[in-house]
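Encoded as structure tokens, the structure appears first; notes follow it.
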Ligand SMILES: [Zn+2]
């Protein structure tokens, strides 16, 4: 199995919108990313898809103001750089349906992979509930609901292969898929947006901003991740850590 970490540009916003901090003017670079897993049995598995190609017109003014996107790299271009085309992807997993993770699904509209996109059941229900009740938050309905998309849902944990396990977390959103991957170099745990950065993980800083419910959910989930880290001697990959993704992606 081979992992490729893909850098898909960045959001640049007030740090407080992501992670609780004292200085309200401090800014943070929040990278957008995806992971391609070349798996001997499962084929090419893609975890997350980045922003929508239509972000400028599709995202709300409030979203673009709070989370400006000064750099956009499409999932199509990022895959192209490492020699893959969109139709090479066999399985798409969406950690959750927020715009910066599900937005790039559009690129796959004409591919086979669009017919069985993996997401958690709780996430799919929550996304529709929010957009249909006028409280969309970071969900953009047209980005995850368009002709041809068909979702396959999971709940709890799901072993896609003996070395690739998905687990549903209940933090950041009600059902966010994390991933445990066993490689020859060791185990990698991908948290997705339940933990944004290494700083948040190490100093146990809860999320800020309006999207996140800063509750016990964050701390409970963090505890679970730290236990897994110990058990598997794992390396942790965070949801939006700029330095980490730059080093992992060799961008
Ligand atoms: Zn999110």
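Just so you know, all these numbers are worked out from the coordinates, no wet-lab data involved. The model shown is predicted, which means the values in this text are computed figures rather than measured ones.
Under the definition of Cα pairs under 8 Å and six or more residues apart, what whole-number percent is the relative contact order of the chain? Walk me through the intermediate numbers first.
On the way: 530 pairs, mean separation 48.5, N = 251.
So the answer I get is 19 percent.
What do you get for Rg/Rh over the stretch 194-251 if you use C-alpha atoms and the Kirkwood form of Rh?
Over the Cα atoms of the stretch 194-251, Rg/Rh equals 0.99.
Please compute one quarter of the surface area of the Cα convex hull for the chain and express it in square nanometres.
12.4 nm²
With only alpha-carbon pairs counted, each pair once and no self-pairs, how large is the Kirkwood hydrodynamic radius of the stretch 1-106 in angstroms?
That comes to 14.6 Å for the stretch 1-106.
Considering only C-alpha atoms, what is the centroid distance from the stretch 161-228 to the stretch 1-20, in Å?
Taking the Cα centre of the stretch 1-20 as reference, the centre of the stretch 161-228 is 14 Å away.
What's the Cα-based Rg to Rh of the stretch 98-210, Rh via Kirkwood?
We get a ratio of 0.98 for the stretch 98-210.
Please compute, for the alpha-carbon atoms of the stretch 99-152, the extent along each of the three principal axes and give them in descending order in Å.
31, 19, 18
Okay, helix-only estimate at 222 nm for the chain: each DSSP H run of n ≥ 4 adds -39500 (n - 2.57), divide by all residues, round to 500 deg cm²/dmol; what do you get? Present the calculation step by step, with values, prior to reporting the outcome.
Details: 9 runs with 67 residues, N = 251.
My calculation for the chain gives -7000 deg cm²/dmol from helical runs alone.
Can you give me the relative contact order of the stretch 19-68 as a percent, contacts being Cα pairs under 8 Å and 6 or more apart? Intermediate results must be reported in sequence, preceding the final value.
On the way: 25 pairs, mean separation 11.4, N = 50.
Once normalised by length, the contact order is 23 percent.
What's the Kirkwood radius of the stretch 71-164 in Å, using all Cα pairs? Write out the running numbers ahead of the final one.
Values: mean 1/r = 0.0704 Å⁻¹.
In the stretch 71-164 this quantity evaluates to 14.2 Å.
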